[in-house]
1. About the Cα centre of the chain, how large is the charge dipole given +1 on each Lys and Arg Cβ and -1 on each Asp and Glu Cβ? Please answer in debye to the nearest 20.
2. FRET efficiency for residue 8 and residue 174, Cβ-Cβ distance as r, R0 = 45 Å, nearest 0.05?
3. By how many nm would the segment from residue 50 to residue 190 grow when fully extended, if each residue of separation counts as 0.36 nm and the alpha-carbon distance is taken off?
4. Of the options 211, 31, 193, report the single residue whose Cα projects farthest towards the positive end of the charge dipole of the chain (beta-carbon charges: Lys, Arg +1; Asp, Glu -1).
5. Over all directions, how big on average is the projection of the convex hull of the alpha-carbon atoms in region 102-249, in square nanometres?
6. What is the projected area of the convex hull of the Cα atoms of the chain, averaged over all directions, in nm²?
7. Tell me which of 73, 62, 40 sits at the most positive position along the dipole axis of region 21-89, charges placed on C-beta atoms (Lys, Arg +1; Asp, Glu -1).
8. Counting only Cα atoms, I'd like the Rg/Rh figure for region 67-181, Kirkwood definition for Rh.
Amino acid sequence: MGFRLMSNNENIQYYVIESFNKSNKVDHLFSTRIGWNNNNFSKNISKLFNVKEENIVFSNQVHGTNIGYIKDIEKYKNEIFPKGVDGLITDRKDIVLVTYYADCVPLFFLDIKNEIIALAHAGWRGTVKNIGGKMVDLMVNKFNSNPKNIFIGIGPSIGPCCYEVGENVYNEFKKNYSFYEELFVTKKVNKWYLNLWEANRILLYNKGIPNGNITVSNICTSCNNDKLYSYRKENGTQNRMISAIKLKH
Ligand SMILES: [Zn+2]
């Protein structure tokens, strides 16, 4: 099972995670550039999830590891979460969580038993600080999740084929993780290609998430620039893609 490209009758295209669909617990998507722009996120989600725009909450991302718990939609109606957070979590069925991307790794979380959903934005900084693992800890400690019931999607982002990084990034991973060598391929002096998908997969597996519960998209934003926006490929585009998720009633 993997990520699958879908389209509605107006040719709004988006990816879904097959294991999440199979659970029948959530509406969710990762947007593309086909039928989407920075101004129609709420409108499209409202249409695709059949939910009011005021039930959508957006993150205000700062490349950190803070996570916002949305326990009450009244405060946030179709607005941005007030604090700088790179993750959102909820147990409410009337809330749509949304986070933004343009090469960083989108992480989707679903506890199929306790019905908890979450999203996290993991660029190299968020990955090296293990925002994914932090989210699993929060699900276990606050929501009593068993890691065996948590399903995870690692969505489209810049891939190991295209994500060239310098010594500062290499050294941060080397300093923090014994398995860092598995994440890098070097082709030039002091330049490496970093595999953020594998970094996040290993970190989540180390938190007790079974490999069979983790779906890696293996879809590179830069290689698939016809379908997806890429900050690097497009020299700092302002266009964004979103992850969105909502528990079904
Ligand atoms: Zn690529």
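1. Numbers: 32 positive and 23 negative charges, 26 e Å.
It works out to roughly 120 debye.
2. Values: r = 45 Å, r/R0 = 1.00.
The pair residue 8/residue 174 has a calculated efficiency of 0.50.
3. 45.5 nm
4. The listed residue farthest towards the positive side: 211.
5. Values: hull surface 38.1 nm².
Over all viewing directions, region 102-249 projects a mean Cα-hull area of 9.5 nm².
6. Working: hull surface 50.3 nm².
Averaged projected hull area, Cα only: 12.6 nm².
7. The listed residue farthest towards the positive side: 40.
8. On the way: Rg = 15.4 Å, Rh = 15.4 Å.
Radius of gyration over Kirkwood radius for region 67-181 works out to 1.00.
Every number in this text was worked out from the coordinates using simple rules, so none of it is lab data. What you see is a predicted model, and the numbers here were worked out from it, not measured in a lab. FYI the Cβ positions are ideal-geometry reconstructions off the backbone, even for glycines, and counts take in every protein chain you see.
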